[in-house]
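J.: Shown below is the structure under consideration.
The values are calculated or read from the model by the stated rules, or taken from the named source; none is laboratory data. As the structure is a computational prediction, the values presented were derived from the model and not from experiment. So basically every Cβ, Gly included, is an ideal-geometry build from the backbone, and we count neighbours across all protein chains shown. Side chains are part of the model used for accessible areas, which takes the heavy atoms of the whole protein and leaves out ligands, DNA and RNA. Shrake-Rupley method; radii C 1.70, N 1.55, O 1.52, S 1.80 Å.
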Amino acid sequence: MGDGTASVDKLVGELSPAVAIYALAVGLLAVSLANFARELSSLGAGLGPILAVGINVTLSLGVCYGGYRLSNSSLAPARKPTVAVWCLGGAGGAALVVCLTVVVRELEGRAVPEPVFALVVVTALGGLFGGRIGFLRENLREEAARASEARDAMAFTNSLLRHDVRNGLQIMQGHAELVESADDDLLRESGRALTKQVDTLRELVEEVRAVSNVLLGEADVQPIDVVSMIDDVVETTGESFPDASVETDLPASLDARATLALKPVFTNLLNNAVQHSSDAPEVRVTGHRDADRVVISIADDGPGVPPDQRDRIFERGVTSDGGDGGLGLHIVATILDRTDGDIRVEDSDLGGAAFVVTLPASDE
């Protein structure tokens, strides 16, 4: 019994805002038809009264449709009453303006011959525009609330993940050190391998933290030697793709102002270059300093990127081959943009595409 009552109360609560708008529409429709009947008796069935009632009825039905749209919208139930208030407020405000206009004319001694038609039209338009503004406002507020919740969830998950993974890595590190100190050569080799993997995972946790901070608007920008970072990425790529040939032409060091999130950026770009090239991929990574910018180019011998796709591939939901469903390059572009960097696509001397990353240089 209690559940049934709660369901009814919930249904009534969700329908009440729409019912208020329906009531406004019915009121406007009733006034329109009453005015039409009065005009028929005084003017006859002329074109003017018919057009007037047609306009009034159409606008009244438009208000009614607005109530229907509100009741069936995906907007949170708690936000729907606000939309109804905007609709009724717009209608009331518009009606008040018309009434004040009529009063002023009456005070001036100039009677308004037919105020009802204008009153219905302006009131209905006020309700329609008010309802639309209210819906857009509440929809934007709902989207902002969802974004805030997603941000909080991401920050919490990031903190929880770092805490739990770090604890697990600490335990693994202790056991790896025990294995590494064993008398057996094979066990010592296994211990060293475990220690290396623990160090790799620990670095990965810090990179995930850096990416999360950038996406959350909390980037920790610092001087970073891009060359040593790229060397690490190239080494890892070589282990993952033994058939790939990755050449580097880099100076001894290139200091840029960036975050640790830059490493996943280079990893993504280098992996894309290898995966979208031939069976024996050839990739070339070059870099130099240009005034106050550090420029890194990752070129491949793949099919390249058509000129009309070169901006689009960085959009959300588009992959580097122009298909749908991609997030990698969109996140790459977002990370670089939020740390004062940039990325563009050019033709590669190897015959494919060259992804050119620019970063602010650091003199520290």
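J.: Kindly report the accessible area of the chain per residue (heavy atoms of protein chains, probe 1.4 Å, no ligands, DNA or RNA), in Å². Don't skip to the answer; put the middle values down first.
T.: Values: 20230 Å² over 364 residues.
Spelled out: the 1.4 Å probe surface of the chain, per residue, equals 56 Å².
J.: As I understand it, the dipole of the chain uses +1 on the Cβ of Lys and Arg and -1 on the Cβ of Asp and Glu, about the Cα centre. Which of L61, P306, L329 lies farthest toward its positive end?
T.: Comparing the listed Cα positions along the dipole, L61 ranks first.
J.: Another one. Semi-axes, largest first, in whole Å: what does sqrt of 5 times each Cα gyration tensor eigenvalue give for region 209-364?
T.: Numbers: eigenvalues 103, 71, 41 Å².
Here the semi-axes work out to 23, 19, 14 Å.
J.: Tell me which residues come under 5 Å, amide H to amide H, from R293 once H is placed; ignore anything under 5 positions away on its chain.
T.: Long-range HN contacts for R293: A361.
J.: What is the pair-distance distribution P(r) of the chain, computed from all Cα-Cα distances in 10 Å bins starting at 0, with each bin given as a whole percent?
T.: 5, 16, 18, 14, 12, 12, 12, 7, 4, 1, 0, 0
J.: Follow-up question, since we're still on this one. Apply the Karplus parameterisation 6.51 cos²θ - 1.76 cosθ + 1.60, with θ equal to phi minus 60°, to every residue of region 264-272 and state each ³J(HN,Hα) to the nearest whole Hz, in sequence, with x for glycine and proline.
T.: x, 4, 5, 4, 4, 5, 5, 4, 4
J.: Moving on to the next point. Run the accessible area of the chain with a 1.4 Å probe and give the carbon-and-sulfur part as a rounded percent.
T.: On the way: 11960 of 20230 Å².
Result for the chain: 59 percent of the exposed heavy-atom area is carbon or sulfur.
J.: What value, in deg cm²/dmol to 500, does the helix sum -39500 (n - 2.57) over DSSP H runs of n ≥ 4 give at 222 nm once divided by the residues of the chain?
T.: Values: 8 runs with 233 residues, N = 364.
Dividing the helical sum by the residues of the chain leaves -23000 deg cm²/dmol.
J.: For a quick protection proxy, order the peptides 344-355, 231-242 by their average other-Cβ count within 10 Å, most packed first. Kindly include the intermediate steps, with their values, before the conclusion.
T.: On the way: 344-355: 18.8, 231-242: 14.9.
Highest-to-lowest ranking by the protection proxy: 344-355, 231-242.
J.: Each label point is 7 Å from the Cα along the Cα-to-Cβ direction; what then is the distance between the points at S228 and R188, in nm?
T.: Label-label distance for S228 and R188, simple model: 2.8 nm.
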